[in-house]
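*Asks:* Have a look at this one.
The values are calculated or read from the model by the stated rules, or taken from the named source; none is laboratory data. Computed from a predicted model, the values in this text were never measured in an experiment. Methodologically, a virtual Cβ is constructed for each residue, glycine included, from the backbone with ideal geometry; neighbour enumeration extends over all protein chains shown. What goes into the accessible areas is simple: the full protein's heavy atoms, side chains included, and nothing from ligands, DNA or RNA. Shrake-Rupley method; radii C 1.70, N 1.55, O 1.52, S 1.80 Å.
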Amino acid sequence: MGRKAGEDNILGGIGLFMHSSLECGTSNLTKERFVLEKEYDQDELLHGIQNALTAFARGGSTATRSPLTATKETSSAGEIKLGDVDANDRGPLKVLFLSADTGGGHRASAESLAAQFLRHFPGSTYDLLDVWTPCGVYPWKTLVDSYTHMSAHPRQWRFFFHTSNMFLSEKGADWHSNLFCGKGIRKRIIEYDPDVVVCVHPAMTGSPSYQLARLSKKLGKHVPFYTVVTDLGTAHATWFRSKRCDKIYVASDRIKKLAKRRGRFPDNKIVEAGLPIRQAFADEEEKLGDRTSEAGRAYQASVRKELDIDTDRQMVLVMGGGEGVGGLETIVDELYTQFMKDGITASIYVVCGRNEKLKESLASKDWSALLTQERKTRKRDRVARIFKGGKKAEGETPTSADETAKGDVKVVGLGFVTKMAEYMVGADVLVSKAGPGTIAEAACVGLPVMMTSFLPGQEAGNVDVVLENNFGEYNDKPVEISEIVSGWLQNPELLAEMSKNAKSVGRPHAAEEIVIDIGTCANAWKSLDSGAGRMSDL
(Lines give C-alpha, C1' and ligand atoms only; values in the text may rest on other atoms or scores of the structure.)
Protein backbone atom coordinates (compact mmCIF):
# COMPACT_ATOMS: atom_id res chain seq x y z
CA MET A 1 0.00 0.00 0.00
CA GLY A 2 1.42 3.40 -0.99
CA ARG A 3 1.96 6.26 1.41
CA LYS A 4 -0.95 8.23 -0.04
CA ALA A 5 -3.29 5.27 0.35
CA GLY A 6 -2.08 4.79 3.90
CA GLU A 7 -2.74 8.44 4.72
CA ASP A 8 -6.24 8.17 3.22
CA ASN A 9 -6.94 5.18 5.43
CA ILE A 10 -5.73 7.04 8.51
CA LEU A 11 -7.89 10.06 7.69
CA GLY A 12 -10.80 7.81 6.93
CA GLY A 13 -10.28 6.01 10.20
CA ILE A 14 -10.21 9.22 12.20
CA GLY A 15 -13.67 9.90 10.88
CA LEU A 16 -15.00 6.43 11.65
CA PHE A 17 -15.67 6.95 15.30
CA MET A 18 -15.84 10.75 15.40
CA HIS A 19 -19.53 10.58 14.56
CA SER A 20 -20.02 8.23 17.43
CA SER A 21 -20.51 10.34 20.53
CA LEU A 22 -22.62 13.42 19.86
CA GLU A 23 -24.65 12.90 22.97
CA CYS A 24 -21.69 11.82 25.11
CA GLY A 25 -21.51 14.22 28.03
CA THR A 26 -24.77 16.04 27.25
CA SER A 27 -26.75 15.16 30.34
CA ASN A 28 -29.71 17.29 29.29
CA LEU A 29 -30.51 14.73 26.61
CA THR A 30 -30.66 11.93 29.16
CA LYS A 31 -33.39 13.78 31.01
CA GLU A 32 -35.71 13.70 28.00
CA ARG A 33 -37.88 10.61 27.78
CA PHE A 34 -38.65 9.17 24.40
CA VAL A 35 -42.14 10.52 23.69
CA LEU A 36 -44.41 9.33 20.93
CA GLU A 37 -47.95 10.34 20.13
CA LYS A 38 -48.83 7.88 22.92
CA GLU A 39 -47.20 7.97 26.33
CA TYR A 40 -46.03 4.71 27.89
CA ASP A 41 -44.96 4.05 31.45
CA GLN A 42 -41.68 2.44 30.30
CA ASP A 43 -40.14 2.22 33.78
CA GLU A 44 -43.11 0.18 35.03
CA LEU A 45 -42.78 -2.21 32.08
CA LEU A 46 -39.05 -2.71 32.52
CA HIS A 47 -39.40 -3.15 36.29
CA GLY A 48 -41.97 -5.91 35.85
CA ILE A 49 -39.91 -7.66 33.19
CA GLN A 50 -36.81 -7.43 35.37
CA ASN A 51 -38.63 -9.11 38.25
CA ALA A 52 -39.81 -11.92 35.99
CA LEU A 53 -36.33 -12.47 34.58
CA THR A 54 -34.81 -12.48 38.06
CA ALA A 55 -37.24 -15.22 39.12
CA PHE A 56 -36.29 -17.20 36.03
CA ALA A 57 -32.56 -16.83 36.74
CA ARG A 58 -33.12 -18.22 40.23
CA GLY A 59 -34.48 -21.46 38.90
CA GLY A 60 -37.98 -20.89 37.62
CA SER A 61 -38.88 -22.25 34.19
CA THR A 62 -40.22 -20.15 31.37
CA ALA A 63 -43.59 -21.84 31.86
CA THR A 64 -43.96 -20.85 35.50
CA ARG A 65 -42.74 -17.26 35.51
CA SER A 66 -45.35 -14.73 36.56
CA PRO A 67 -46.69 -12.28 34.00
CA LEU A 68 -46.42 -8.56 34.61
CA THR A 69 -49.12 -7.22 36.87
CA ALA A 70 -49.42 -3.77 35.36
CA THR A 71 -52.85 -2.85 34.09
CA LYS A 72 -53.71 -1.28 30.76
CA GLU A 73 -55.79 1.86 30.84
CA THR A 74 -56.87 4.39 28.26
CA SER A 75 -57.62 7.83 29.60
CA SER A 76 -60.01 10.29 28.06
CA ALA A 77 -56.99 12.05 26.59
CA GLY A 78 -55.95 8.88 24.79
CA GLU A 79 -52.91 8.28 27.00
CA ILE A 80 -51.90 4.61 27.09
CA LYS A 81 -50.35 2.99 30.15
CA LEU A 82 -48.85 -0.44 30.42
CA GLY A 83 -50.86 -3.49 31.11
CA ASP A 84 -51.42 -7.18 30.74
CA VAL A 85 -47.99 -7.70 29.18
CA ASP A 86 -46.88 -11.29 29.65
CA ALA A 87 -43.18 -11.71 30.48
CA ASN A 88 -43.45 -15.25 29.08
CA ASP A 89 -44.19 -13.97 25.58
CA ARG A 90 -41.93 -15.89 23.20
CA GLY A 91 -43.40 -14.56 19.98
CA PRO A 92 -41.15 -14.31 16.91
CA LEU A 93 -39.24 -11.10 16.30
CA LYS A 94 -37.58 -9.41 13.34
CA VAL A 95 -34.17 -8.50 14.76
CA LEU A 96 -31.77 -6.10 13.06
CA PHE A 97 -28.15 -6.14 14.25
CA LEU A 98 -25.96 -3.13 13.49
CA SER A 99 -22.33 -4.10 12.99
CA ALA A 100 -19.38 -4.12 10.58
CA ASP A 101 -16.49 -6.44 9.81
CA THR A 102 -13.88 -4.46 11.71
CA GLY A 103 -12.34 -7.49 13.37
CA GLY A 104 -14.18 -10.70 14.05
CA GLY A 105 -15.48 -9.88 17.53
CA HIS A 106 -18.50 -7.77 16.55
CA ARG A 107 -19.86 -10.29 14.07
CA ALA A 108 -19.19 -13.15 16.52
CA SER A 109 -21.20 -11.36 19.22
CA ALA A 110 -24.06 -10.68 16.81
CA GLU A 111 -24.14 -14.31 15.73
CA SER A 112 -24.10 -15.57 19.32
CA LEU A 113 -27.04 -13.30 20.16
CA ALA A 114 -28.88 -14.26 16.96
CA ALA A 115 -28.59 -17.94 17.86
CA GLN A 116 -30.24 -17.23 21.20
CA PHE A 117 -33.12 -15.37 19.54
CA LEU A 118 -33.74 -18.46 17.43
CA ARG A 119 -33.63 -20.68 20.54
CA HIS A 120 -35.82 -18.62 22.85
CA PHE A 121 -38.10 -16.84 20.36
CA PRO A 122 -38.93 -19.52 17.75
CA GLY A 123 -39.70 -18.24 14.29
CA SER A 124 -37.56 -15.12 14.74
CA THR A 125 -35.50 -13.81 11.84
CA TYR A 126 -32.45 -11.61 11.90
CA ASP A 127 -30.22 -9.56 9.61
CA LEU A 128 -26.88 -7.85 10.07
CA LEU A 129 -26.58 -4.34 8.66
CA ASP A 130 -23.49 -2.20 8.09
CA VAL A 131 -25.01 1.26 7.70
CA TRP A 132 -21.75 3.00 6.77
CA THR A 133 -19.92 1.06 4.06
CA PRO A 134 -22.71 1.34 1.43
CA CYS A 135 -23.57 4.95 2.27
CA GLY A 136 -21.04 6.32 -0.25
CA VAL A 137 -20.09 9.22 2.00
CA TYR A 138 -16.46 9.81 3.00
CA PRO A 139 -15.07 8.89 5.51
CA TRP A 140 -17.85 6.51 6.62
CA LYS A 141 -17.58 4.34 3.52
CA THR A 142 -13.94 3.56 4.43
CA LEU A 143 -14.86 2.02 7.79
CA VAL A 144 -13.71 -1.55 7.14
CA ASP A 145 -10.68 -0.74 4.98
CA SER A 146 -9.42 1.89 7.42
CA TYR A 147 -9.70 -0.48 10.37
CA THR A 148 -7.91 -3.24 8.47
CA HIS A 149 -5.02 -0.91 7.69
CA MET A 150 -4.70 0.64 11.14
CA SER A 151 -5.06 -2.61 13.08
CA ALA A 152 -1.94 -3.74 11.24
CA HIS A 153 -0.18 -0.52 12.28
CA PRO A 154 -0.73 -0.17 16.06
CA ARG A 155 0.83 3.29 16.34
CA GLN A 156 -1.60 4.68 13.80
CA TRP A 157 -4.48 2.99 15.60
CA ARG A 158 -3.36 4.39 18.95
CA PHE A 159 -3.33 7.92 17.49
CA PHE A 160 -6.75 7.48 15.92
CA PHE A 161 -8.31 5.87 18.99
CA HIS A 162 -7.33 8.65 21.36
CA THR A 163 -7.96 11.59 19.01
CA SER A 164 -11.44 10.31 18.17
CA ASN A 165 -12.18 9.59 21.82
CA MET A 166 -12.76 13.29 22.56
CA PHE A 167 -15.94 15.30 23.00
CA LEU A 168 -15.39 17.74 20.10
CA SER A 169 -14.61 14.90 17.71
CA GLU A 170 -17.82 13.17 18.71
CA LYS A 171 -19.89 16.32 18.27
CA GLY A 172 -18.54 17.11 14.82
CA ALA A 173 -18.79 13.55 13.60
CA ASP A 174 -22.41 13.07 14.70
CA TRP A 175 -23.38 16.34 13.06
CA HIS A 176 -21.70 15.25 9.82
CA SER A 177 -23.17 11.73 9.82
CA ASN A 178 -26.72 12.88 10.55
CA LEU A 179 -26.52 15.57 7.88
CA PHE A 180 -25.03 13.54 5.05
CA CYS A 181 -26.00 9.95 5.91
CA GLY A 182 -29.28 10.25 7.83
CA LYS A 183 -31.61 9.79 4.88
CA GLY A 184 -29.72 6.72 3.66
CA ILE A 185 -29.72 5.17 7.14
CA ARG A 186 -33.48 5.63 7.45
CA LYS A 187 -33.99 4.07 4.04
CA ARG A 188 -31.97 0.97 4.97
CA ILE A 189 -33.76 0.55 8.31
CA ILE A 190 -37.13 0.80 6.52
CA GLU A 191 -36.03 -1.96 4.11
CA TYR A 192 -35.50 -4.33 7.06
CA ASP A 193 -38.63 -3.21 8.97
CA PRO A 194 -37.38 -4.56 12.35
CA ASP A 195 -39.25 -5.12 15.59
CA VAL A 196 -36.05 -4.43 17.54
CA VAL A 197 -32.58 -3.08 16.72
CA VAL A 198 -29.48 -4.36 18.52
CA CYS A 199 -26.21 -2.47 18.07
CA VAL A 200 -22.98 -4.43 18.58
CA HIS A 201 -20.58 -1.87 17.06
CA PRO A 202 -19.43 1.43 18.60
CA ALA A 203 -19.65 3.33 15.31
CA MET A 204 -23.38 2.66 15.00
CA THR A 205 -24.91 3.83 18.25
CA GLY A 206 -25.43 7.54 17.55
CA SER A 207 -26.89 8.46 14.18
CA PRO A 208 -28.70 5.12 13.62
CA SER A 209 -30.51 5.40 16.96
CA TYR A 210 -31.51 8.97 16.14
CA GLN A 211 -32.82 7.98 12.73
CA LEU A 212 -34.72 5.03 14.24
CA ALA A 213 -36.35 7.41 16.74
CA ARG A 214 -37.50 9.61 13.87
CA LEU A 215 -39.05 6.62 12.12
CA SER A 216 -40.69 5.43 15.34
CA LYS A 217 -42.28 8.80 15.94
CA LYS A 218 -43.58 8.93 12.39
CA LEU A 219 -45.16 5.49 12.81
CA GLY A 220 -46.59 6.30 16.23
CA LYS A 221 -44.90 3.36 17.91
CA HIS A 222 -41.71 2.55 19.74
CA VAL A 223 -39.12 0.32 18.02
CA PRO A 224 -36.65 -0.43 20.83
CA PHE A 225 -32.91 0.10 20.36
CA TYR A 226 -30.34 -1.75 22.49
CA THR A 227 -26.56 -1.50 22.69
CA VAL A 228 -24.45 -4.54 23.55
CA VAL A 229 -20.86 -3.47 24.27
CA THR A 230 -18.45 -6.09 22.96
CA ASP A 231 -15.39 -4.78 24.79
CA LEU A 232 -14.26 -6.26 28.09
CA GLY A 233 -11.88 -3.92 29.90
CA THR A 234 -11.74 -0.63 27.99
CA ALA A 235 -14.23 0.91 25.58
CA HIS A 236 -14.32 3.87 23.21
CA ALA A 237 -16.73 6.64 24.24
CA THR A 238 -18.75 6.10 21.06
CA TRP A 239 -20.35 3.05 22.67
CA PHE A 240 -22.16 5.35 25.10
CA ARG A 241 -23.33 8.31 23.07
CA SER A 242 -26.89 7.21 22.28
CA LYS A 243 -29.29 8.37 24.97
CA ARG A 244 -32.17 6.93 22.95
CA CYS A 245 -31.24 3.29 23.56
CA ASP A 246 -33.58 1.42 25.88
CA LYS A 247 -30.71 -0.37 27.64
CA ILE A 248 -26.99 -0.85 27.34
CA TYR A 249 -25.45 -4.24 28.19
CA VAL A 250 -21.86 -4.30 29.43
CA ALA A 251 -19.39 -7.07 30.20
CA SER A 252 -17.68 -5.81 33.33
CA ASP A 253 -17.75 -3.28 36.14
CA ARG A 254 -15.01 -1.36 34.30
CA ILE A 255 -17.30 -0.81 31.30
CA LYS A 256 -20.24 0.01 33.56
CA LYS A 257 -18.25 2.83 35.13
CA LEU A 258 -17.38 4.16 31.68
CA ALA A 259 -21.04 4.07 30.65
CA LYS A 260 -21.96 6.15 33.68
CA ARG A 261 -19.04 8.57 33.34
CA ARG A 262 -18.81 9.05 29.57
CA GLY A 263 -22.41 8.32 28.61
CA ARG A 264 -24.09 9.46 31.82
CA PHE A 265 -26.42 6.49 31.71
CA PRO A 266 -28.56 5.96 34.81
CA ASP A 267 -28.15 2.69 36.67
CA ASN A 268 -31.54 1.37 35.53
CA LYS A 269 -30.41 1.49 31.89
CA ILE A 270 -27.13 -0.41 32.42
CA VAL A 271 -27.06 -4.20 32.66
CA GLU A 272 -23.79 -5.91 33.59
CA ALA A 273 -24.38 -9.24 31.87
CA GLY A 274 -20.98 -10.36 30.62
CA LEU A 275 -19.72 -10.64 27.06
CA PRO A 276 -22.00 -12.58 24.67
CA ILE A 277 -20.21 -15.69 23.44
CA ARG A 278 -21.27 -18.81 21.57
CA GLN A 279 -23.68 -21.29 23.13
CA ALA A 280 -21.09 -24.03 22.62
CA PHE A 281 -19.06 -22.56 25.47
CA ALA A 282 -22.02 -22.69 27.85
CA ASP A 283 -22.61 -26.30 26.84
CA GLU A 284 -18.96 -27.27 27.30
CA GLU A 285 -18.69 -25.38 30.58
CA GLU A 286 -21.62 -27.36 31.96
CA LYS A 287 -20.09 -30.68 30.88
CA LEU A 288 -16.58 -29.81 32.04
CA GLY A 289 -17.35 -28.28 35.42
CA ASP A 290 -14.13 -27.83 37.38
CA ARG A 291 -11.33 -28.88 35.05
CA THR A 292 -9.06 -29.52 38.06
CA SER A 293 -11.43 -32.16 39.49
CA GLU A 294 -11.31 -35.85 38.64
CA ALA A 295 -14.53 -35.56 36.63
CA GLY A 296 -13.19 -32.50 34.84
CA ARG A 297 -9.97 -34.24 33.86
CA ALA A 298 -11.93 -37.24 32.62
CA TYR A 299 -14.13 -35.04 30.43
CA GLN A 300 -11.09 -33.20 29.10
CA ALA A 301 -9.55 -36.54 28.11
CA SER A 302 -12.73 -37.56 26.27
CA VAL A 303 -12.76 -34.27 24.34
CA ARG A 304 -9.13 -34.76 23.37
CA LYS A 305 -9.92 -38.21 22.00
CA GLU A 306 -12.73 -36.76 19.88
CA LEU A 307 -10.34 -34.12 18.50
CA ASP A 308 -7.56 -36.68 17.95
CA ILE A 309 -5.32 -34.96 20.51
CA ASP A 310 -2.89 -37.12 22.48
CA THR A 311 -4.24 -37.64 25.98
CA ASP A 312 -0.80 -38.38 27.46
CA ARG A 313 0.60 -34.97 26.53
CA GLN A 314 -0.02 -31.51 27.92
CA MET A 315 -1.64 -29.29 25.34
CA VAL A 316 -0.99 -25.62 24.53
CA LEU A 317 -3.39 -23.80 22.19
CA VAL A 318 -1.88 -20.86 20.27
CA MET A 319 -4.08 -18.27 18.56
CA GLY A 320 -3.55 -14.95 16.84
CA GLY A 321 -7.02 -13.86 15.83
CA GLY A 322 -9.16 -14.82 12.84
CA GLU A 323 -6.47 -13.79 10.36
CA GLY A 324 -3.73 -15.83 12.00
CA VAL A 325 -1.66 -12.76 12.86
CA GLY A 326 0.51 -11.75 15.80
CA GLY A 327 3.97 -13.18 15.03
CA LEU A 328 2.73 -16.67 15.76
CA GLU A 329 5.55 -18.56 14.08
CA THR A 330 8.27 -17.01 16.22
CA ILE A 331 6.25 -17.69 19.36
CA VAL A 332 5.66 -21.31 18.33
CA ASP A 333 9.37 -21.79 17.57
CA GLU A 334 10.33 -20.54 21.03
CA LEU A 335 7.68 -22.65 22.74
CA TYR A 336 8.92 -25.75 20.96
CA THR A 337 12.56 -25.05 21.81
CA GLN A 338 11.87 -24.25 25.46
CA PHE A 339 9.66 -27.30 25.99
CA MET A 340 12.32 -29.55 24.47
CA LYS A 341 15.02 -28.05 26.68
CA ASP A 342 12.87 -28.42 29.79
CA GLY A 343 11.96 -32.03 29.06
CA ILE A 344 8.23 -31.37 28.61
CA THR A 345 5.96 -33.79 26.76
CA ALA A 346 3.40 -31.59 25.02
CA SER A 347 1.40 -30.84 21.91
CA ILE A 348 1.24 -27.30 20.50
CA TYR A 349 -1.87 -26.67 18.42
CA VAL A 350 -1.72 -23.47 16.36
CA VAL A 351 -4.87 -21.81 15.00
CA CYS A 352 -3.59 -20.25 11.78
CA GLY A 353 -6.88 -18.82 10.51
CA ARG A 354 -6.54 -17.58 6.92
CA ASN A 355 -2.76 -17.72 7.14
CA GLU A 356 -2.18 -20.71 4.88
CA LYS A 357 1.50 -19.80 4.58
CA LEU A 358 1.95 -20.22 8.32
CA LYS A 359 0.11 -23.53 8.33
CA GLU A 360 2.29 -24.89 5.52
CA SER A 361 5.45 -23.63 7.21
CA LEU A 362 4.62 -25.42 10.45
CA ALA A 363 3.82 -28.64 8.60
CA SER A 364 7.06 -28.67 6.60
CA LYS A 365 9.48 -27.30 9.21
CA ASP A 366 12.56 -29.29 10.21
CA TRP A 367 12.22 -29.02 13.97
CA SER A 368 15.56 -30.73 14.70
CA ALA A 369 17.26 -28.05 12.62
CA LEU A 370 15.51 -25.45 14.77
CA LEU A 371 17.20 -26.92 17.84
CA THR A 372 20.60 -26.84 16.10
CA GLN A 373 20.02 -23.21 15.21
CA GLU A 374 19.22 -22.51 18.83
CA ARG A 375 22.52 -24.12 19.86
CA LYS A 376 24.43 -21.88 17.41
CA THR A 377 22.63 -18.82 18.72
CA ARG A 378 23.61 -19.69 22.28
CA LYS A 379 27.26 -20.13 21.16
CA ARG A 380 27.26 -16.69 19.48
CA ASP A 381 25.86 -15.20 22.68
CA ARG A 382 28.71 -16.74 24.71
CA VAL A 383 31.33 -15.39 22.30
CA ALA A 384 29.72 -11.96 22.38
CA ARG A 385 29.86 -11.91 26.18
CA ILE A 386 33.57 -12.79 26.12
CA PHE A 387 34.41 -9.93 23.73
CA LYS A 388 32.36 -7.56 25.87
CA GLY A 389 34.40 -8.53 28.91
CA GLY A 390 31.83 -10.90 30.33
CA LYS A 391 32.57 -14.28 31.84
CA LYS A 392 31.25 -17.64 30.84
CA ALA A 393 28.49 -18.66 33.18
CA GLU A 394 29.50 -21.18 35.81
CA GLY A 395 28.85 -24.71 34.61
CA GLU A 396 28.14 -23.52 31.06
CA THR A 397 29.39 -26.02 28.50
CA PRO A 398 28.80 -26.43 24.80
CA THR A 399 25.77 -28.59 24.10
CA SER A 400 24.75 -30.60 21.11
CA ALA A 401 21.27 -30.68 19.65
CA ASP A 402 20.74 -34.16 21.07
CA GLU A 403 21.81 -33.06 24.54
CA THR A 404 19.49 -30.02 24.34
CA ALA A 405 16.46 -31.97 23.18
CA LYS A 406 15.14 -33.71 26.29
CA GLY A 407 11.43 -33.26 25.70
CA ASP A 408 8.89 -34.68 23.29
CA VAL A 409 6.94 -31.94 21.52
CA LYS A 410 4.50 -32.13 18.60
CA VAL A 411 3.34 -29.07 16.63
CA VAL A 412 0.06 -29.12 14.69
CA GLY A 413 -1.20 -26.28 12.49
CA LEU A 414 -4.96 -25.73 12.22
CA GLY A 415 -6.90 -23.56 9.79
CA PHE A 416 -10.23 -22.06 10.84
CA VAL A 417 -11.58 -23.92 13.83
CA THR A 418 -15.31 -24.58 14.17
CA LYS A 419 -14.98 -26.42 17.49
CA MET A 420 -13.17 -23.71 19.42
CA ALA A 421 -14.99 -24.49 22.68
CA GLU A 422 -13.82 -28.09 22.51
CA TYR A 423 -10.24 -27.10 21.73
CA MET A 424 -10.21 -24.75 24.71
CA VAL A 425 -11.54 -27.53 26.92
CA GLY A 426 -8.78 -29.81 25.66
CA ALA A 427 -6.03 -27.24 26.22
CA ASP A 428 -4.05 -26.65 29.42
CA VAL A 429 -2.86 -23.15 28.44
CA LEU A 430 -4.02 -20.61 25.86
CA VAL A 431 -1.46 -18.35 24.15
CA SER A 432 -3.24 -15.53 22.34
CA LYS A 433 -3.62 -11.83 21.66
CA ALA A 434 -5.75 -10.01 24.22
CA GLY A 435 -9.04 -10.01 22.32
CA PRO A 436 -12.12 -9.59 24.52
CA GLY A 437 -14.05 -12.53 23.07
CA THR A 438 -11.12 -14.91 23.35
CA ILE A 439 -10.52 -13.97 26.98
CA ALA A 440 -14.21 -14.31 27.85
CA GLU A 441 -14.36 -17.73 26.19
CA ALA A 442 -11.23 -18.94 27.97
CA ALA A 443 -12.57 -17.76 31.32
CA CYS A 444 -15.80 -19.72 30.83
CA VAL A 445 -13.92 -23.02 30.63
CA GLY A 446 -11.31 -22.12 33.26
CA LEU A 447 -8.37 -21.85 30.83
CA PRO A 448 -5.25 -19.88 31.91
CA VAL A 449 -4.18 -17.27 29.33
CA MET A 450 -0.78 -15.98 28.19
CA MET A 451 -1.44 -12.73 26.30
CA THR A 452 1.13 -11.84 23.66
CA SER A 453 -0.21 -8.62 22.10
CA PHE A 454 -3.08 -6.17 22.19
CA LEU A 455 -4.45 -3.42 20.00
CA PRO A 456 -3.74 -0.06 21.70
CA GLY A 457 -6.85 1.59 23.05
CA GLN A 458 -9.78 -0.74 23.59
CA GLU A 459 -7.79 -3.97 24.10
CA ALA A 460 -5.42 -2.54 26.72
CA GLY A 461 -8.05 -2.95 29.42
CA ASN A 462 -8.46 -6.63 28.57
CA VAL A 463 -4.93 -7.24 29.82
CA ASP A 464 -5.83 -5.62 33.15
CA VAL A 465 -8.91 -7.83 33.49
CA VAL A 466 -6.76 -10.96 33.23
CA LEU A 467 -3.98 -9.67 35.49
CA GLU A 468 -6.33 -8.36 38.17
CA ASN A 469 -8.16 -11.68 38.33
CA ASN A 470 -4.93 -13.72 38.32
CA PHE A 471 -5.63 -16.15 35.51
CA GLY A 472 -2.82 -15.19 33.16
CA GLU A 473 0.06 -12.92 32.27
CA TYR A 474 1.09 -10.54 29.51
CA ASN A 475 4.41 -10.59 27.66
CA ASP A 476 5.28 -9.62 24.09
CA LYS A 477 8.76 -11.20 23.96
CA PRO A 478 8.65 -14.72 22.45
CA VAL A 479 11.58 -16.05 24.49
CA GLU A 480 10.06 -14.89 27.77
CA ILE A 481 6.61 -16.12 26.71
CA SER A 482 8.03 -19.61 26.22
CA GLU A 483 9.83 -19.56 29.57
CA ILE A 484 6.68 -18.49 31.45
CA VAL A 485 4.41 -21.03 29.76
CA SER A 486 6.97 -23.79 30.31
CA GLY A 487 7.03 -22.85 34.00
CA TRP A 488 3.23 -23.11 34.16
CA LEU A 489 3.23 -26.59 32.63
CA GLN A 490 5.75 -27.73 35.23
CA ASN A 491 3.65 -26.33 38.09
CA PRO A 492 0.26 -28.11 38.18
CA GLU A 493 -0.71 -26.40 41.44
CA LEU A 494 -0.29 -22.97 39.84
CA LEU A 495 -2.26 -24.03 36.76
CA ALA A 496 -5.08 -25.31 38.95
CA GLU A 497 -5.23 -22.03 40.88
CA MET A 498 -5.25 -19.96 37.68
CA SER A 499 -7.98 -22.18 36.24
CA LYS A 500 -10.24 -21.62 39.24
CA ASN A 501 -9.60 -17.86 39.06
CA ALA A 502 -10.58 -17.85 35.39
CA LYS A 503 -13.74 -19.84 36.04
CA SER A 504 -14.81 -17.38 38.74
CA VAL A 505 -15.09 -14.52 36.22
CA GLY A 506 -16.58 -16.50 33.33
CA ARG A 507 -20.13 -15.67 32.18
CA PRO A 508 -21.06 -18.54 29.85
CA HIS A 509 -24.78 -17.66 29.72
CA ALA A 510 -24.36 -13.94 28.96
CA ALA A 511 -25.78 -14.14 25.43
CA GLU A 512 -28.82 -16.08 26.61
CA GLU A 513 -29.57 -13.67 29.47
CA ILE A 514 -29.18 -10.62 27.23
CA VAL A 515 -31.50 -12.02 24.56
CA ILE A 516 -34.21 -13.06 27.02
CA ASP A 517 -34.20 -9.54 28.43
CA ILE A 518 -34.19 -7.82 25.02
CA GLY A 519 -36.71 -10.20 23.46
CA THR A 520 -39.18 -9.98 26.31
CA CYS A 521 -39.07 -6.19 26.31
CA ALA A 522 -39.34 -6.05 22.52
CA ASN A 523 -42.39 -8.31 22.51
CA ALA A 524 -43.96 -6.15 25.20
CA TRP A 525 -43.56 -3.06 23.02
CA LYS A 526 -44.76 -5.02 19.99
CA SER A 527 -47.91 -6.02 21.88
CA LEU A 528 -48.61 -2.46 22.99
CA ASP A 529 -48.12 -1.14 19.46
CA SER A 530 -50.03 -3.93 17.71
CA GLY A 531 -52.32 -1.44 16.00
CA ALA A 532 -49.52 0.69 14.58
CA GLY A 533 -48.25 0.41 11.02
CA ARG A 534 -45.05 -1.20 9.73
CA MET A 535 -42.08 0.64 8.31
CA SER A 536 -42.82 -0.98 4.98
CA ASP A 537 -45.93 1.24 4.86
CA LEU A 538 -43.83 4.41 4.81
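*Asks:* Out of all the residues in segment 475-516, which are under 20 Å from residue 251 (Cβ atoms) and charged (D, E, K, R)?
*Replies:* Residues satisfying the conditions are 503, 507, 512, 513.
*Asks:* Can you tell me which of (1) modelled with pLDDT under 95; (2) of a type in the set (S, T, N, Q); (3) assigned to a helix (DSSP H, G or I) is the one residue 242 doesn't meet?
*Replies:* Failed condition: (3).
*Asks:* Follow-up. Which residue, of 230, 330, is under 22 Å from residue 453 (Cβ atoms), more than 17 Å from the chain's Cα centre (by Cα) and hydroxyl-bearing (Ser, Thr, Tyr)?
*Replies:* Of the residues listed, the single one that is under 22 Å from residue 453 (Cβ atoms), more than 17 Å from the chain's Cα centre (by Cα) and hydroxyl-bearing (Ser, Thr, Tyr) is 330.
*Asks:* Quick one: how many residues across segment 333-373 are closer than 23 Å to residue 450 by Cα and acidic (Asp, Glu)?
*Replies:* Adding up the residues that qualify gives 3.
*Asks:* Kindly provide the set of residues from segment 168-179 that are open to solvent by 90 Å² or more (accessible area, probe 1.4 Å) and either touching a helix residue (DSSP H, G or I) at 6+ places or on another chain (Cβ under 7 Å) or within 16 Å of residue 138 (Cβ to Cβ) (or both), ordered by number.
*Replies:* Residues satisfying the conditions are 175, 179.
*Asks:* Let me ask something else. Please work out which residue is least open to solvent (accessible area, probe 1.4 Å), limiting yourself to segment 112-165 and to residues that are farther than 29 Å from residue 182 by Cβ, small (Gly, Ala, Ser) and touching a helix residue (DSSP H, G or I) at 6+ places or on another chain (Cβ under 9 Å).
*Replies:* 112
*Asks:* Does any residue in segment 311-322 that is among the aliphatic types (A, V, I, L, M) and buried (at least 20 other Cβ atoms within 10 Å of the Cβ) come within less than 7 Å, Cβ to Cβ, of a residue that is modelled with pLDDT of 95 or more and part of a loop (DSSP other than H, G, I, E, B) six or more places away or on a different chain, and which pairs are these?
*Replies:* Partner pairs satisfying both residue conditions: 315/309; 315/427; 315/428; 316/427; 316/428; 317/427.
*Asks:* Continuing with this model, one more query. Which one is nearest to the chain's Cα centre (by Cα), of the residues in segment 185-207 that are part of a loop (DSSP other than H, G, I, E, B) and among the acidic types (Asp, Glu)?
*Replies:* Here the answer is 195.
*Asks:* How many residues are closer than 23 Å to residue 460 by Cα and open to solvent by 20 Å² or more (accessible area, probe 1.4 Å) if we restrict to segment 233-251?
*Replies:* 1
*Asks:* Also: Within segment 520-531, track down each residue that is within 16 Å of residue 197 (Cβ to Cβ) and of a type in the set (A, V, I, L, M, F, W, C).
*Replies:* The answer is 521, 522, 524, 525.
*Asks:* Residue 282 - would you say it is part of a helix (DSSP H, G or I), surrounded by fewer than 17 Cβ atoms within 10 Å (Cβ to Cβ) and among the hydrophobic types (A, V, I, L, M, F, W, C)?
*Replies:* For residue 282, the condition - part of a helix (DSSP H, G or I), surrounded by fewer than 17 Cβ atoms within 10 Å (Cβ to Cβ) and among the hydrophobic types (A, V, I, L, M, F, W, C) - is not met.
*Asks:* A further question on this structure: Is there a residue being over 23 Å from residue 293 (Cβ atoms), surrounded by 24 or more Cβ atoms within 10 Å (Cβ to Cβ) and at pLDDT 95 or above anywhere in segment 487-509?
*Replies:* no
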